[in-house]
1. Which condition from (1) surrounded by fewer than 17 Cβ atoms within 10 Å (Cβ to Cβ); (2) modelled with pLDDT under 95; (3) closer than 24 Å to residue 143 by Cβ is the one that residue 3 breaks?
2. Restricting the search to segment 25-72, which residues are in contact (Cβ under 8 Å) with a residue 24 or more places away in the chain, part of a loop (DSSP other than H, G, I, E, B) and within 18 Å of residue 3 (Cα to Cα)?
3. Taking segment 52-74 as the region of interest, how many residues are modelled with pLDDT of 95 or more and more than 17 Å from residue 31 (Cα to Cα)?
4. For segment 107-141, name all the residues that are touching a strand residue (DSSP E or B) at 6+ places or on another chain (Cβ under 8 Å), surrounded by 12 or more Cβ atoms within 10 Å (Cβ to Cβ) and either without any contact (Cβ under 8 Å) to a residue 24 or more places away in the chain or assigned to a helix (DSSP H, G or I) (or both).
5. Condition check: farther than 27 Å from residue 18 by Cα and either at pLDDT 95 or above or under 17 Å from the mean Cα position of the chain (by Cα) (or both). Does residue 103 satisfy that?
6. Can you tell me which residues in segment 85-102 are within 20 Å of residue 2 (Cβ to Cβ) and surrounded by fewer than 20 Cβ atoms within 10 Å (Cβ to Cβ)?
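The values are calculated or read from the model by the stated rules, or taken from the named source; none is laboratory data. Not measured: the values here are computed from a predicted model. Every residue, glycine as well, gets a Cβ built from its backbone with ideal geometry; the counts of neighbours run over all protein chains shown.
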């Protein structure tokens, strides 16, 4: 039996022409038709936003992010909650920055693997970068900075639940 989890897809901005394609891609991953409630995105004229709470197999967030990344004018985040046997995940995407992935622990914190921390120590010891700049990269600060306006514009928006058929 494949373990299941749940998560949320936040489509922060997309042109109306991409809305049905987003629904098709998400539905393909979750195995059920996805019909999102689209509303105007006040932070970007002519763009739309939506949120979808989902339940599905572990790894669904990665598959959703892979299916949506690379689309022009689309900004999104998809999260996956940890399970008893897996860590959680967060994927953020913007057209300018590409995709950011973070492992999320049971308390919602970004978990940074030991080897990545060791690499930061080496880079900063060589004097090619600062520890602050490297920590910002590990935490996805550039994505947070770009998406923050879109997140606030969506506060209070309706959230729709979608469950995988098993």
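1. For residue 3, the failing item is (3).
2. Once the filter is applied, which keeps residues that are in contact (Cβ under 8 Å) with a residue 24 or more places away in the chain, part of a loop (DSSP other than H, G, I, E, B) and within 18 Å of residue 3 (Cα to Cα), segment 25-72 yields 31, 32, 58.
3. So the answer is 1.
4. 138, 139
5. Details: farther than 27 Å from residue 18 by Cα: yes; either at pLDDT 95 or above or under 17 Å from the mean Cα position of the chain (by Cα) (or both): yes.
In short, yes.
6. 85, 86, 87
Here's the yes/no breakdown for (1) modelled with pLDDT of 95 or more; (2) closer than 21 Å to residue 28 by Cα:
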{"site": "76", "(1), (2)": "yes, yes"}
{"site": "83", "(1), (2)": "no, no"}
{"site": "90", "(1), (2)": "yes, yes"}
{"site": "129", "(1), (2)": "no, no"}
{"site": "138", "(1), (2)": "yes, no"}
{"site": "148", "(1), (2)": "no, no"}
